[in-house]
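K.L.:
Encoded as structure tokens, here's the structure I'll be asking about.
The values are calculated or read from the model by the stated rules, or taken from the named source; none is laboratory data. Note that this is a predicted model, so its numbers are computed, not measured. We place every Cβ from the backbone using ideal geometry, glycine too, and count neighbours over all the protein chains shown.
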């Protein structure tokens, strides 16, 4: 959701991340921490990078790649929890 707002509306991208993803990602990290601390750490680190990116105006060119890494970290955490994911 945030990726589709990047070029047109930075505020919408920020709002989409915090309203749709932020808490859910923390829930995934908390759940996976019990079985795979590395996956939890990777997810939390990817979240921190994206949150730093979203706090900047204008966005850095690296934000799209950082969001891709966040998606990959979230998928890895979900796989560790045996939860299937679908492509975005």
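K.L.:
Being modelled with pLDDT of 90 or more, surrounded by fewer than 19 Cβ atoms within 10 Å (Cβ to Cβ) and either under 18 Å from residue 87 (Cβ atoms) or touching a strand residue (DSSP E or B) at 6+ places or on another chain (Cβ under 9 Å) (or both) narrows it down to one residue among 20, 67; which is it? Outline the logic, then answer.
P.N.:
Numbers: 67 fails: surrounded by fewer than 19 Cβ atoms within 10 Å (Cβ to Cβ).
Among 20, 67, only 20 is modelled with pLDDT of 90 or more, surrounded by fewer than 19 Cβ atoms within 10 Å (Cβ to Cβ) and either under 18 Å from residue 87 (Cβ atoms) or touching a strand residue (DSSP E or B) at 6+ places or on another chain (Cβ under 9 Å) (or both).
K.L.:
Taking the stretch 47-61 as the region of interest, how many residues are without any contact (Cβ under 8 Å) to a residue 12 or more places away in the chain, farther than 16 Å from residue 28 by Cβ and surrounded by 10 or more Cβ atoms within 10 Å (Cβ to Cβ)?
P.N.:
3
K.L.:
Go through the stretch 35-64 residue by residue and tally those that are at pLDDT below 95 and either in a helix (DSSP H, G or I) or more than 21 Å from residue 18 (Cβ to Cβ) (or both).
P.N.:
Total meeting the criteria: 6.
K.L.:
Which one is nearest to residue 20 (Cα to Cα), of the residues in the stretch 65-88 that are part of a loop (DSSP other than H, G, I, E, B) and within 15 Å of the chain's Cα centre (by Cα)? Working first, answer last.
P.N.:
Looking only at the stretch 65-88, we keep the residues that are part of a loop (DSSP other than H, G, I, E, B), and these are 81-88.
Cutting the leftovers down to within 15 Å of the chain's Cα centre (by Cα) gives us 85, 87-88.
Values: 85: 17, 87: 17, 88: 15 Å.
Ranking the candidates gives 88 first.
K.L.:
Show the residue pairs that are 6+ apart or on different chains and have beta-carbon atoms under 9 Å apart, the first residue being within the stretch 76-87 and at negative phi, the second being surrounded by 14 or more Cβ atoms within 10 Å (Cβ to Cβ) and assigned to a loop (DSSP other than H, G, I, E, B).
P.N.:
Within 9 Å, the pairs are 76/36; 77/36; 80/36; 81/36.
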